[in-house]
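Q: Below are the structure tokens for one structure; questions will follow.
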């Protein structure tokens, strides 16, 4: 395809709507009852100002409510402080991942002494803390919203003294509902604070603090039954550069290949940290991790360097240029006896946005990863894939002119196997300029149903399904 048309997914969508009944082709399984919530950058222009990077756009919440084999769609902007300030001023008023707003002298001086204020533009993932559902980005400012109305209600706050300016959008949860994550504290002495947030408390337990002179850009991490698998990409910045450099957030980081990738294995109970260095690579997403026969195994999607970040600037994406949008799924195995590392490529297929049957296989040996995939080089994410990590077998869904998003696995109640359930994916139909929710049989990726949305939904990253009465 000489002129891939995925660029429509990066066209701003400013239209909000509520409870629009959707046309359904096929049949939704009767057991599938609940709500898919996604967040995505949706507004890329404010007045005459334009955001520069895909990760920058002002967040919109998208809700697909599925009940009694029918579906409705709602969408509403997340009313973050960043969003409200931008609309009030009629311009971009806050720095984001790849955009730094024009600031007057007073604002520059204030930023010099106080450091940059973390954004609350929750355009990356949906996370549930206790009974609160939040939309978040890579700062510790998750925004609470009402699951029914999508009304923004304020910030979720922990009630402790742990400090940090950066945090991943992919925390992990154990079987008891305890959350594991980390904070990057950027100061004269910087630290990664690895913590546990008990299910019944807003006070986090500090597991370990790892000091660093140069802190890394880290989007996610892995977790086994006993360990947090914490990787430092060699895309790093110093506290002075981060605080005083007059550049967008990500442009303050430098790729330092000689630094290699640093793997920290953090014992969840004792806090003991074992550190191993391996060859340099860049990673957004982990798929799963587990312990087996004295080894720690973790699967993740990697890139040779951080050039993927540059491919995702809006000028590149909107020009329909051939785009690098997927990496390689590797398995790393570390011996707990001598810290030796082995790695194995699990599939030749370029993939991103991996999901699994998380509740069933998290921290355990498993068989299947679902991901968005790139079949035609340069054509963005143009397929969905199911990958057997034990055999390398691939199952593919693809439709001409369609660009699927993250595949969300929903298990069938009392399912008999790891892949007994459905896959939900929001798909852009570039031929029509609209989107649809695709429902696939997770075992063979055969289409069960699709629900047509009367407008396009901008490309996003992550979301969650909340089963009825969950």
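Q: Scan region 387-409 and tell me whether some residue there is surrounded by 15 or more Cβ atoms within 10 Å (Cβ to Cβ), at positive phi and touching a helix residue (DSSP H, G or I) at 6+ places or on another chain (Cβ under 7 Å).
A: Among the residues of region 387-409, not one is surrounded by 15 or more Cβ atoms within 10 Å (Cβ to Cβ), at positive phi and touching a helix residue (DSSP H, G or I) at 6+ places or on another chain (Cβ under 7 Å), which makes the answer no.
Q: Can you say whether residue 225 is part of a loop (DSSP other than H, G, I, E, B) and either free of Cβ contacts under 8 Å to residues at least 12 places away in the same chain or in contact with a strand residue (DSSP E or B) (Cβ under 8 Å, 6 or more places away or on another chain) (or both), as far as the supplied structure shows?
A: yes
Conditions (1) more than 16 Å from the chain's Cα centre (by Cα); (2) touching a residue at least 60 places away in the same chain (Cβ under 8 Å), marked per residue:
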| site | (1), (2) |
| --- | --- |
| 349 | yes, no |
| 354 | no, yes |
| 360 | yes, no |
| 366 | yes, yes |
| 369 | no, yes |
| 374 | yes, no |
| 379 | yes, yes |
| 382 | yes, yes |
| 388 | yes, no |
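Q: Continuing with the same structure: If you go through region 147-157 one residue at a time, do you hit one that is in a strand (DSSP E or B), more than 22 Å from residue 461 (Cβ to Cβ) and touching a helix residue (DSSP H, G or I) at 6+ places or on another chain (Cβ under 6 Å)?
A: Looking for residues that are in a strand (DSSP E or B), more than 22 Å from residue 461 (Cβ to Cβ) and touching a helix residue (DSSP H, G or I) at 6+ places or on another chain (Cβ under 6 Å), one finds none in region 147-157, hence no.
Q: Further, regarding this structure: Could you pull out every one of the strands (runs of 3 or more DSSP E) wholly within region 228-332 that has 3 or more residues that are under 30 Å from residue 360 (Cα atoms)? Give the derivation first.
A: Values: elements: 235-237, 261-267, 273-278, 282-292, 295-303.
Fully inside region 228-332 and qualifying: 261-267, 273-278, 282-292, 295-303.
Q: Given 288, 233, which one is more than 23 Å from residue 137 (Cβ to Cβ) and under 17 Å from the mean Cα position of the chain (by Cα)?
A: Numbers: 233 fails: more than 23 Å from residue 137 (Cβ to Cβ).
After ruling out the rest, the residue left standing is 288.
Q: Restricting the search to region 333-364, which residues are over 20 Å from residue 395 (Cβ atoms), at pLDDT 95 or above and not in a strand (DSSP E or B)?
A: The answer is 362, 363, 364.
Q: Where residues in region 457-469 are in contact (Cβ under 8 Å) with a residue 40 or more places away in the chain and surrounded by fewer than 19 Cβ atoms within 10 Å (Cβ to Cβ), which of them is farthest from residue 54 (Cα to Cα)?
A: 468
Q: Something else: Consider residue 464 against the criteria (1) closer than 22 Å to residue 349 by Cα; (2) out of contact with any helix residue (DSSP H, G or I) (no Cβ under 8 Å at 6 or more places or on another chain); (3) in a strand (DSSP E or B): it satisfies all of them except one. Which criterion is unmet?
A: Going through (1) closer than 22 Å to residue 349 by Cα; (2) out of contact with any helix residue (DSSP H, G or I) (no Cβ under 8 Å at 6 or more places or on another chain); (3) in a strand (DSSP E or B) one by one, residue 464 breaks only (1).
Q: Let me confirm something: among 25, 35, which residue is in contact with a strand residue (DSSP E or B) (Cβ under 6 Å, 6 or more places away or on another chain), at negative phi, touching a residue at least 60 places away in the same chain (Cβ under 8 Å) and surrounded by fewer than 18 Cβ atoms within 10 Å (Cβ to Cβ)?
A: Matching residue, one of 25, 35: 25.
Q: Which residues, taken from region 164-186, are exposed (fewer than 13 other Cβ atoms within 10 Å of the Cβ) and on the phi < 0 side of the Ramachandran plot?
A: 175, 176
Q: Follow-up. Report, by residue number, each residue of region 430-456 that is in contact with a helix residue (DSSP H, G or I) (Cβ under 9 Å, 6 or more places away or on another chain) and either surrounded by fewer than 18 Cβ atoms within 10 Å (Cβ to Cβ) or part of a strand (DSSP E or B) (or both).
A: Within region 430-456, 433, 435 qualify.
Q: Could you check region 191-202 and list, in sequence order, the residues that are surrounded by fewer than 21 Cβ atoms within 10 Å (Cβ to Cβ) and either closer than 16 Å to residue 127 by Cα or modelled with pLDDT under 95 (or both)? Break it down into steps so the answer makes sense when it comes.
A: Just the residues of region 191-202 that are surrounded by fewer than 21 Cβ atoms within 10 Å (Cβ to Cβ), to begin with: 191, 193, 196, 198-202.
Listed by number, the residues that qualify are 196, 198, 199, 200, 201, 202.
Q: Could you tell me which numbered condition residue 413 fails, if it satisfies all but one of (1) touching a residue at least 60 places away in the same chain (Cβ under 8 Å); (2) more than 21 Å from residue 454 (Cα to Cα); (3) in contact with a strand residue (DSSP E or B) (Cβ under 7 Å, 6 or more places away or on another chain)?
A: Every listed condition holds for residue 413 apart from (3).
The values are calculated or read from the model by the stated rules, or taken from the named source; none is laboratory data. Please read all numbers here as calculations on a predicted model, not as lab measurements. Heads up, the Cβs are rebuilt from the backbone with ideal geometry, glycines too, and the neighbour counts pull from every protein chain shown.
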